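S.K.: Next up is a structure, given as structure tokens.
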């Protein structure tokens, strides 16, 4: 089964694309904070384990 789609042109106004990019940028801030928090938690746990193990 050969289903092919050919897109010849997309007509999206410039300011609509700017708004989409702005929304994605703003939505990425909470995601980055969440990821940062998870990495900090993992680092703290590993630091406590290895710090206690190595006696520092």
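The values are calculated or read from the model by the stated rules, or taken from the named source; none is laboratory data. Owing to the predicted nature of the structure, the values given are computational and were not obtained by experimental measurement. Backbone-built Cβ (ideal geometry, glycine too); neighbour counts: all protein chains shown.
S.K.: Residue 47 versus (1) exposed (fewer than 10 other Cβ atoms within 10 Å of the Cβ); (2) over 23 Å from the mean Cα position of the chain (by Cα); (3) at pLDDT 90 or above: which is the lone unmet condition?
M.R.: If we test residue 47 against (1) exposed (fewer than 10 other Cβ atoms within 10 Å of the Cβ); (2) over 23 Å from the mean Cα position of the chain (by Cα); (3) at pLDDT 90 or above, just (1) comes out false.
S.K.: Separate question: Are there any pairs, at least 6 apart or on different chains, whose C-beta atoms fall under 9 Å, with the first in the stretch 42-54 and at positive phi and free of Cβ contacts under 8 Å to residues at least 40 places away in the same chain and the second surrounded by 10 or more Cβ atoms within 10 Å (Cβ to Cβ) and not in a helix (DSSP H, G or I), and if so, which?
M.R.: none
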